[in-house]
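Have a look at the structure below, then the notes.
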Amino acid sequence: MDEFLEVGQTWYVLDYKWYESWKDYSNYADSASNFGKDDPGVIDNSQLLEEDGSLKEKIVEDINFATVPERVWHMFVKCYGLANGQEPIPRPVIKMGTFTKVTKIELYPLPLLLAHYKHPTDGKLERCSVAMTIGELKVKMRKLYKIVEEAEVKLVGSYTSAEYDKLDDDSLTLEEANLQPRQFVVIIQKDGAIWPKLDTYKKTTASCFTSSTKASTNGTSAKSYSSSNGFSSSYSNGSLSSSSFFSSSSEKAGAPGLCGLRNLGNTCFMNSSLQVCTEPTFTVK
C-alpha cells in the first residue's frame, strides 16, 4: 500500500487510531504478532473534524491522522463504511515551496476573502489551493461575480485598508505571489476605456475591511492559519501610489506606526519585535 506522491493525485485523510486498528486486524504491520485482532468497524473521523465539518487545525500526522491513496480509501469505504453524516476528506497532491518545490499533500487550502470593487460588502471566504495560479484565480472570480470574458479585469491584493498590490502576473501561483491567509483579493473591472480611480478603490478596500471586522465581532471570527510562504523575487509587491495601475491623483496611503511592516513570509518575528518597540515611551523618544 506504500505509494509515492505524484502531483495531481488525490489522497484521503482518516483517523489514525482507526487506521492502526485496521493494520492490526489485517496483519499489515506484522503478520506474526497481530493475528486475530478485532474488526476496526466503521471509519469514524469525528476526532478530526470541527462542528461545521471542516478539518481541525494543529493535528499531527501519525498521531491524529493518516493519509491514504484514493484507491485505498475507496476500498476502506466499500469494506467498512463511513460514519453517518460524515463526508470524505480528500486532499490534492501539489508542488509547494517558493524557491525549492516539494511534492506534498495540501492539508489546508489557503482561505482568501474575495470581493468585487463595486460590492465591497459582498466579500466571500473561499479556500484556494496555493498551487492555483493568479490567472486561475482571476477565472474563478470572473465566474463568482458573473463577469463576461470580454470585460477587462485586474486583481489586487489588500493587506490593510491602505495597502494594495498588483496581482498582474497570471503565471505565478498564490504561494509565489505571497498571498496570506484571509487576505482580501479584489477584482476590478474596466469601465469602458477607463480604470476606476485609485481614490474609489481605496474607499472600496476600506469598506471590505470594515465589513470583515464587523463579521468577526458578530461571532464569525477568523481561525488562525499558519503560512510558510517565502518572498518571491519574481513578484513585484510594491504598494501602488500613482497612476501606474489606476488613473488618479496621488495620495499617501495610511498613517505611520499603525500597521508595522509588511510580512514577507519570513519576517514576522522581526516585524512584531519592531512593532513592540514603537509602544514604550522611552524607546520612542
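The values are calculated or read from the model by the stated rules, or taken from the named source; none is laboratory data. Source: prediction; values computed, not measured. Note that we place each Cβ from the backbone using ideal geometry, even for glycine, and neighbour counts take in every protein chain shown. Note: areas computed on protein heavy atoms with side chains; ligands, DNA, RNA excluded. Shrake-Rupley method; radii C 1.70, N 1.55, O 1.52, S 1.80 Å.
Miscellaneous remarks
- The residues of the range 78-123 that are at pLDDT 90 or above and among the basic types (Lys, Arg), listed by number, are Lys78, Arg91, Lys95, Lys104.
- In the range 172-221, the residues that are open to solvent by 40 Å² or more (accessible area, probe 1.4 Å), at pLDDT 85 or above and over 20 Å from Arg142 (Cβ atoms): Arg182
- Any hit, the range 17-34, residues being modelled with pLDDT of 95 or more, of a type outside the set (Gly, Ala, Ser) and assigned to a strand (DSSP E or B): no
- Evaluation of Lys146 against (1) basic (Lys, Arg); (2) touching a Lys or Arg at 6+ places or on another chain (Cβ under 8 Å); (3) assigned to a loop (DSSP other than H, G, I, E, B) (one fails), failing number: (2)
- Taken over the range 154-171, residues that are modelled with pLDDT of 85 or more and open to solvent by 10 Å² or more (accessible area, probe 1.4 Å) amount to 6.
- Residue among Val153, Val93 that is in contact with a Leu (Cβ under 6 Å, 6 or more places away or on another chain) and of a type outside the set (S, T, N, Q): Val93
- Looking across the range 82-132 at every residue that is in a loop (DSSP other than H, G, I, E, B) and of a type in the set (S, T, N, Q), the one that is nearest to the chain's Cα centre (by Cα) is identified as Ser129.
- The listed residue being touching a residue at least 12 places away in the same chain (Cβ under 8 Å) and out of contact with any Ser or Thr (no Cβ under 6 Å at 6 or more places or on another chain), out of Val139, Val77, Val148, Val102: Val77
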